[in-house]
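Notes follow the structure.
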Amino acid sequence: MRTKKWNVLLTLTVLVGILAGCGGGNSGAGQDTGNGKAANPATTSTETASAEAGKTKVQFWHSLGGKNGEYIDALIKRFNDSHKDIEVVGTYQGNYDETVTKLQQAIASDTAPDVSMLERAYVQMFADSDVLEDLTPYMEKSGLSKDDFTPGLMGHSIFNDKLVSLPLNRSTPILHVNKTLLDKKGLAVPTTWEELKKVANALVEKKGKEYTRYGLTMPYDTWYPIAMISQAGGKFFNDEKTSTGFVGNGVGEKVFSYLKDLQSTGALYYPPAQDSGNIVNGMFTEGKVAMMFQSTGAIGGLSSSVDFDYVTAFLPKNDRFANPTGGANVSLMSSSKQKDAAWEFIRWMETDPQGGLQFILQSGYLPFTKKMVESPEIKELWAKEPNRKVAYDQLQYAVDTNMDVAWPEVMQEFFSAIEAIMYDSKDIPATLATFNKEAERILAEN
C-alpha cells in the first residue's frame with residue numbers, strides 16, 4: 001500500500017505541477033494565491049558555506065519564493081544567529097507541488113531533509129505512509145499543547161492519532177471589495193449569496209457587446225467551489241469517504257447553477273486557467289471588477305496597489321458561513337538523524353517571538369498560535385490594517401471537507417468538471433454525475 005501511495009503521489013504531483021502557475025493558485029489544493037508561490041529560476045539555498053565544526057546541520061525544505069522567500073531566509077538567519085550549536089540550511093524546492101514531488105523522491109532514496117514545509121492537503125498522504133514524526137512527545141517535553149495553536153488551522157495536523165504537522169504559512173479565501181464602487185451605487189458589502197448576486201449584477205457595466213466592468217471574479221481553483229459547497233450545507237466527501245457529499249443531493253447543482261447564472265449576465269468574470277490569480281488581481285486593482293474571491297495572502301499586494309477604498313469581508317453565506325483553509329504546515333521527517341535539533345528549529349519557529357511572528361508580520365499569513373494573536377505586534381497590525389483581522393475572524397467558520405488520502409487524484413477530476421461547466425457550459429447535473437462516478441472509483445481504490 002505504501003508503494004502504491006508513493007507512485008500515485010509522484011504521478012499526481014507532476015500533473016498538478018503542470019497546472020500550478022506563479023501566483024495563480026491553480027493547484028487546487030487550497031493554496032494561498034496572493035503570494036508564497038512566486039517562481040524562482042532554480043532551486044536555491046540559504047547555505048553559503050559548510051557548517052562550522054561542532055554544529056548540527058538541519059536541512060529545511062520550503063516552497064516560498066519571491067518576497068516570502070526573503071522573509072523565510074531572514075527567519076532562518078535569526079535562528080542560526082541565536083543558536084550556536086545548530087545551523088539550519090533552508091532550501092527552496094519550487095512551489096508546493098514541486099516540493100511534494102521532490103520530497104517523495106528523496107524519501108525513496110533516503111535523502112530526505114530533516115524538516116519540510118507541506119501544503120496542508122498533502123499532509124495526510126505522507127502521514128498515512130508513516131514518514132512523518134509524531135510531534136506529541138516533543139511538544140510535551142517543550143511544555144506545548146495543540147491547544148496553544150489557532151484552532152481553525154489545526155485540521156491537517158493530526159492523523160492516525162499522531163500530531164504530524166504544525167501550521168506555518170496559512171491562509172483562507174475571503175471577499176475583497178472595491179468599496180468605492182459599491183458606495184457610488186449606494187450598495188452595502190454583501191453577506192449572503194442573494195445579496196452577492198444583486199450587488200454583482202448592479203455593478204456590471206457594458207459598452208455595446210463588451211463588458212467594461214464585472215461584478216465578481218475568482219481565480220481558477222477548486223478552493224472557491226469547495227467553499228460554496230460548504231456554505232450550501234454540503235461536504236466535498238461524504239462521512240464514509242466512499243463518495244462525494246454534494247452530488248445527487250442538489251448542493252453541487254445549486255453551486256454551479258449560481259455561478260453560471262452570474263456568468264451569463266457579466267456579474268461573474270471567470271478567468272482562463274493559466275495565470276488566473278494574477279489576472280483577477282490585476283482586474284481588481286484596475287477597477288474592472290468590483291469584488292473578488294481571493295486568498296488572504298493577496299491583501300498585502302492589493303493594499304499597496306489600489307487607489308480606492310479597499311475592504312475585505314467574510315465569504316458570503318448561503319445556509320451558513322463556511323470557508324476552507326489553505327497554505328502549508330511544517331513537519332519533522334521520521335528519517336531525520338538529528339531530530340532534537342530539528343525539533344528545536346520547529347519549536348523556535350512556531351513559538352519564539354523572533355521566529356514565526358516576525359514572518360507573519362512581514363508576509364501577511366495568518367497568526368497560528370494563540371499567543372501570537374494576543375501579541376502587541378499583531379494587535380497593532382490589525383488596528384492599522386483591519387482587512388487582515390477579517391481573515392483571522394473568519395477562521396471561526398473554517399471547515400475542510402476534502403480531507404482524504406485520495407484528494408490529489410480526485411482533485412484532477414474535479415478540475416475537469418469545473419472546466420467543462422465554467423468554460424464549455426456543459427450540462428451541470430450530467431457533468432457532476434460523471435465526476436462523482438470517477439471520484440467513487442478513486443476512493444474505492446485507495
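The values are calculated or read from the model by the stated rules, or taken from the named source; none is laboratory data. From a predicted model like this one, the values you see are computed outputs, not experimental measurements. Counting neighbours? That spans all protein chains shown, and the Cβs are built from the backbone with ideal geometry, glycine included.
Data table
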| quantity | calculated |
| --- | --- |
| Unmet criterion (only one of (1) at pLDDT 95 or above; (2) farther than 17 Å from PHE237 by Cα) for LEU432 | (2) |
| Matching option when the condition is of a type in the set (Asp, Glu) and over 30 Å from PHE368 (Cα atoms), among GLU350, GLU253, GLU344 | GLU253 |
| Test result for ASP275, under 25 Å from SER304 (Cβ atoms), buried (at least 21 other Cβ atoms within 10 Å of the Cβ) and among the charged types (D, E, K, R) | no |
| Single residue of segment 81-105 satisfying the filter (closer than 20 Å to TYR122 by Cα and hydrophobic (A, V, I, L, M, F, W, C)) that is modelled with the highest pLDDT | LEU103 |
| When residues of segment 149-200 are limited to those that are in the same structural domain as PHE314 (by TED's automatic domain parsing) and free of Cβ contacts under 8 Å to residues at least 24 places away in the same chain, the one surrounded by the fewest Cβ atoms within 10 Å (Cβ to Cβ) | GLY186 |
| Single unsatisfied condition, ALA341 versus (1) outside any strand (DSSP E or B); (2) outside the structural domain of SER142 (by TED's automatic domain parsing); (3) surrounded by 19 or more Cβ atoms within 10 Å (Cβ to Cβ); (4) small (Gly, Ala, Ser) | (2) |
| Condition check for VAL115: within 20 Å of PHE359 (Cα to Cα) and touching a Phe, Trp or Tyr at 6+ places or on another chain (Cβ under 6 Å) | yes |
| Number of positions in segment 199-241 that are under 19 Å from the mean Cα position of the chain (by Cα), among the polar types (S, T, N, Q) and more than 16 Å from THR265 (Cβ to Cβ) | 3 |
| Candidate set: segment 280-321, residues that are surrounded by fewer than 17 Cβ atoms within 10 Å (Cβ to Cβ) and in contact with a strand residue (DSSP E or B) (Cβ under 9 Å, 6 or more places away or on another chain); chosen: the one modelled with the lowest pLDDT | SER303 |
| Selection count where residues are farther than 23 Å from GLN274 by Cα, in a helix (DSSP H, G or I) and free of Cβ contacts under 8 Å to residues at least 40 places away in the same chain, scope segment 415-446 | 7 |
| Residues located in segment 68-87, provided they are of a type in the set (Val, Ile, Thr) and under 14 Å from LEU168 (Cα atoms) | ILE72, ILE76 |
| Segment 201-240 - residue that is touching a residue at least 60 places away in the same chain (Cβ under 8 Å) and exposed (fewer than 15 other Cβ atoms within 10 Å of the Cβ) and, of those, farthest from GLY326 (Cα to Cα) | LYS206 |
| Wholly within segment 344-414, helices (runs of 4 or more DSSP H) carrying at least 1 residues that are free of Cβ contacts under 8 Å to residues at least 60 places away in the same chain and basic (Lys, Arg) | 376-384, 386-393 |
| Single residue of segment 66-82 satisfying the filter (touching a residue at least 40 places away in the same chain (Cβ under 8 Å) and of a type in the set (S, T, N, Q)) that is surrounded by the fewest Cβ atoms within 10 Å (Cβ to Cβ) | SER82 |
| Filter result (in contact with a Ser or Thr (Cβ under 6 Å, 6 or more places away or on another chain) and aromatic (Phe, Trp, Tyr)) within segment 254-289 | TYR269 |
| Per-region count, segment 83-120, residues of a type in the set (A, V, I, L, M), surrounded by fewer than 20 Cβ atoms within 10 Å (Cβ to Cβ) and either touching an Asp or Glu at 6+ places or on another chain (Cβ under 9 Å) or not assigned by TED's automatic domain parsing to the domain that holds PHE60 (or both) | 1 |
| Selected residue [closer than 18 Å to GLY155 by Cβ and modelled with pLDDT of 95 or more] from PRO324, PRO367 | PRO367 |
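To keep it simple, each residue is scored yes or no on (1) surrounded by fewer than 16 Cβ atoms within 10 Å (Cβ to Cβ); (2) at pLDDT 95 or above.
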site	(1), (2)
SER363	no, no
VAL405	no, no
MET422	no, yes
SER425	yes, yes
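To keep it simple, each residue is scored yes or no on (1) touching a Leu at 6+ places or on another chain (Cβ under 9 Å); (2) under 26 Å from GLN358 (Cα atoms).
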site: GLY143; (1), (2): no, yes
site: ASP148; (1), (2): no, yes
site: PRO151; (1), (2): yes, yes
site: PHE159; (1), (2): yes, no
site: THR172; (1), (2): yes, yes
